[in-house]
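Undergrad: Before I ask anything, here is the structure I am working with.
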Amino acid sequence: MRVMVTGASGFVGRRLVSKLAHEGHQVLAVVRNPSFRPGVGVERILLPQMDMPSLSEGLGKHSVDVVINLAAAGVSPNDRDLAALTNTNASQPPALVALAKDHGAVAFIHIGSSAEYGPLPGPTRYAERSPLECQKLYGATKAAGTLLTMASGTALGLPTACLRLFNIFGPGESAHRLFPSLVSRLTRGERVALSEGTQVRDFMHVDEACSAIIHVLDSLVCSPTLAGIYNVATGQGHTVRDFAEKVADMVGKLELLDFGAIPLRADDLPYVVGDPSAFEEAFGWSPTLSYQDGVKAAVVEMQGLTSRCQDGIIDG
């Protein structure tokens, strides 16, 4: 199939594009980053500023079978420009549905986030009908984008699946994120200041997330009635403290973790775990990599990449 991926130079995007090409799909990778180097089976569409007229021009007369939208603004906590978040997260996805339809797509997949959910009382798993975020800018605009994307897909008759990913980690994450920060600093022998780490999260390795997305792609094309909003999660909660300790244990620097050195963020939710039952029932998919094995695989790969960079084998 011919698959167009927006946000292809991001954390999940890079991994997904590579896996799609490996499975034999023709991939159109829409990116803003000129340093993105497409591999075999991947064609780059470089757009310094992504908008629908520019993207339509970049596609030309090409048709696509499936569009996967990973483009998002506000992933970094410091990025809170109202216009950028509203445009990229809320307005752009439904417009992309229309463009996909015009270019012959038979399915559309939109990647959302657990940040779309608002607070719940007590340690309750989030289901797809849980209350949505209406206070925090990133989560609220992502939630709006999901709702508008589903409505647009329904109105245009384009089978659409919106997947809310929970706490994806692994090599390729932005440096400010917990996992890469832990590995890089511990490997250098630096102490790492952390909160008490009591927050409970639903950690999933990036390869599992990519596997879920590709499974939805294959299933939605064959069974359009699977369209809907779904959580992509393990359903299992682990504390941030436990996650940090497992990473540190793998690196061999457990003593460098300094819990309680910084306060919890005031808006940090104590419990964010997804209920994956609707997704499992609809698609027959569940993670195959255990939590512990996922952490181990991610640490081993990231240390290997770091070593190769230091040896000059990898650039960019």
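Every number here is computed from the coordinates shown, using simple stated rules; none is lab data. Since the structure is predicted, the reported quantities are computational estimates derived from the model, not experimental observations. A quick note on method: Cβ atoms are made from the backbone with ideal geometry, for glycine too, and the neighbour counts reach across all protein chains shown.
Undergrad: Among rounded, prolate and oblate, which fits segment 175-215 when a ≥ b ≥ c are the square roots of the eigenvalues of its C-alpha gyration tensor, a/c under 1.5 means rounded, and a/b larger than b/c means prolate?
TA: Because a/c hits 1.5 or more and a/b fails to exceed b/c, segment 175-215 counts as oblate.
Undergrad: Rounded to the nearest 5, what % of DSSP beta bridges with both residues in the chain are antiparallel?
TA: Approximately 10 percent, going by the DSSP bridge assignments.
Undergrad: May I pose another question? Where Lys and Arg each count +1 and Asp and Glu each count -1, what net charge lies around residue 106 among other residues with Cβ under 11 Å from its Cβ?
TA: Around residue 106, the surrounding residues sum to +1.
Undergrad: In addition: What does the charge dipole of segment 72-162 about its Cα centre add up to, to the nearest 20 debye, if the Cβ of each Lys and Arg holds +1 and the Cβ of each Asp and Glu holds -1?
TA: Roughly 160 debye, rounded to the nearest 20.
Undergrad: Please give the charge dipole size of the chain, origin at the Cα centre, charges +1 on K and R Cβ atoms and -1 on D and E Cβ atoms. Round to the nearest 20 debye.
TA: 420
Undergrad: Got the relative contact order for segment 50-118 handy, in percent, Cα pairs under 8 Å and 6 or more residues apart?
TA: Averaging sequence separation for qualifying contacts and normalising by length gives 47 percent for segment 50-118.
Undergrad: For residue 136, go through the lysines and keep the ones whose alpha-carbon is under 21 Å away, minus same-chain ones fewer than eight residues off.
TA: none
Undergrad: What residues from segment 171-196 fall in the zone where the backbone N is under 20 Å from a label point 7 Å along the Cα-to-C-beta line of residue 264?
TA: Under 20 Å, as judged by backbone N against the label point of residue 264, lie 178-179, 193-196 of segment 171-196.
Undergrad: Rounded, prolate or oblate: pick one for the chain, where a ≥ b ≥ c are the square roots of the eigenvalues of its C-alpha gyration tensor, a/c under 1.5 means rounded, and failing that, prolate if a/b is larger than b/c, else oblate.
TA: Prolate, because a/c is 1.5 or more and a/b exceeds b/c.
Undergrad: How high is the relative contact order of the chain, given as a whole-number percent (alpha carbon pairs under 8 Å, six or more residues apart)? Write out the running numbers ahead of the final one.
TA: Working: 606 pairs, mean separation 51.1, N = 316.
Here the relative contact order equals 16 percent.
Undergrad: Name the shape class, rounded, prolate or oblate, that the alpha-carbon gyration tensor gives for segment 189-265, where a ≥ b ≥ c are the square roots of its eigenvalues, rounded holds for a/c under 1.5, and otherwise prolate holds if a/b is larger than b/c and oblate otherwise.
TA: Taking the square roots of the gyration eigenvalues as a ≥ b ≥ c, segment 189-265 is prolate.
Undergrad: Under a cut-off of 29 Å between alpha-carbon atoms, report the lysines in cross-link reach of residue 61, not counting same-chain residues fewer than 8 places apart.
TA: Of all the lysines, those that pass the test against residue 61 - Cα under 29 Å, at least 8 places apart if same chain - are 19, 101.
Undergrad: Further question: When you count, for each residue, the other Cβ atoms within 10 Å and take the mean per peptide, how do 19-27, 87-95 rank with the highest first?
TA: Details: 19-27: 17.4, 87-95: 21.1.
Per-residue Cβ counts within 10 Å, averaged per peptide and sorted highest first, yield 87-95, 19-27.
Undergrad: List the GluC sites (Glu not before Pro) within segment 160-234 that DSSP assigns to loop and that have no more than 15 neighbouring Cβ atoms inside 10 Å. Before the final figure, lay out each step's value.
TA: Details: sites: 173, 190, 196, 208; in loops: 173, 190, 196.
Those satisfying the criteria are 190, 196.
Undergrad: Continuing with this model, one more query. Using packing as a proxy for protection, rank 255-264, 242-251 so that the peptide with the highest average count of other Cβ atoms within 10 Å comes first. Working shown, then result.
TA: Working: 255-264: 13.0, 242-251: 19.4.
In decreasing order of mean packing, 255-264, 242-251 become 242-251, 255-264.
Undergrad: While we're here: Sequence neighbours fewer than 8 away in the same chain don't count; with that in mind, list the aspartates and glutamates whose C-alpha is under 16 Å from residue 246.
TA: Partners within reach: 196, 202, 255, 258, 293, 301.
Undergrad: Let me have the 222 nm mean residue ellipticity of the chain computed from DSSP H runs of 4+ only, each contributing -39500 (n - 2.57), with the sum over all residues rounded to the nearest 500.
TA: -12000 deg cm²/dmol
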